[in-house]
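The values are calculated or read from the model by the stated rules, or taken from the named source; none is laboratory data. Everything numeric here is computed off the predicted structure, so don't read it as measured data. Glycine gets a Cβ as well: all are built from the backbone with ideal geometry, and neighbour counts include every protein chain shown. All accessible areas refer to the heavy atoms of the entire protein, side chains included, with ligands and DNA or RNA removed. Shrake-Rupley method; radii C 1.70, N 1.55, O 1.52, S 1.80 Å.
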Amino acid sequence: MTGNQWDGNYTPPPATEQPADTHVPPAPQQDSGMPTAETIKDEAGNVAAQAGDSAKNVVETAKSEVANVATEVRSNARDLLDQARLDLTDQAGKQQQKVAAGLRSISEELDSMATASEQPGVATDLVRQAAERSSSVATWLEDRDPGSLAGGSEDLRPAASRDVSPPGRRSRGPGRPPEPRTERRH
């Protein structure tokens, strides 16, 4: 059997003696995982700075995007207005040509009636004048740009208000209603 070193005969090894004048530094504290107040303060400052920078970036990006959207909206509105103007001008042009063709047809019929008349007179002269005037209005319409008609209605007024009464008779004037006839019965 072997001897057990714990049988009571064990003596601890001799302690080394340290000189009395040497100072032993205290054992370093173990990190308990808890941050210090200084660390917390530094981290809070870093987080606040990052948040401020991020907020500035968001504001700048938002400003830039708002400016881009505003520019795009203006451009789209201009394009839409231009397209609407083109469409309306095209439609007005088509209608204008239809009106001119209708007036030309009326003019030709009136001229045909005046030419076919066997008895010249006031009625024939009026029909011939109406044919000439409707033809000139048709020509005027055909020669006009549809966009110019919006402001050009004043050009039609003098021609429309001309006196087309037969020679020797006076008209009541443009815009005046006919005077009522009064008949007396006894």
In order over the range 126-143: 3J(HN,Hα) from phi, Karplus 6.51/-1.76/1.60, θ = phi - 60°, whole Hz, x for each Gly or Pro, gives 5, 5, 5, 4, 4, 5, 5, 5, 5, 5, 5, 5, 4, 5, 4, 5, 5, 8
Highest mean packing first, using Cβ neighbours within 10 angstrom, the peptides 61-68, 120-127 sort as 120-127, 61-68
Ordering 90-96, 113-119 by per-residue average of other C-beta atoms within 10 angstrom, highest first, gives 90-96, 113-119
The summed charge of the Ala138 Cβ neighbourhood (under 14 Å; Lys/Arg +1, Asp/Glu -1) stands at -2
For the range 71-78, in residue order, the Karplus 3J(HN,Hα) values (coefficients 6.51, -1.76, 1.60; θ = phi - 60°; whole Hz; Gly and Pro = x) are 5, 5, 5, 4, 5, 5, 5, 4
Expressed per residue, the solvent accessible area of the range 38-87 in Å² (1.4 Å probe) is about 86
Diffing the range 90-105: the Karplus 3J(HN,Hα) column from phi (6.51, -1.76, 1.60, θ = phi - 60°), in whole Hz with x for Gly and Pro, holds 5, 5, 5, x, 5, 5, 4, 5, 5, 5, 4, 5, x, 5, 4, 5
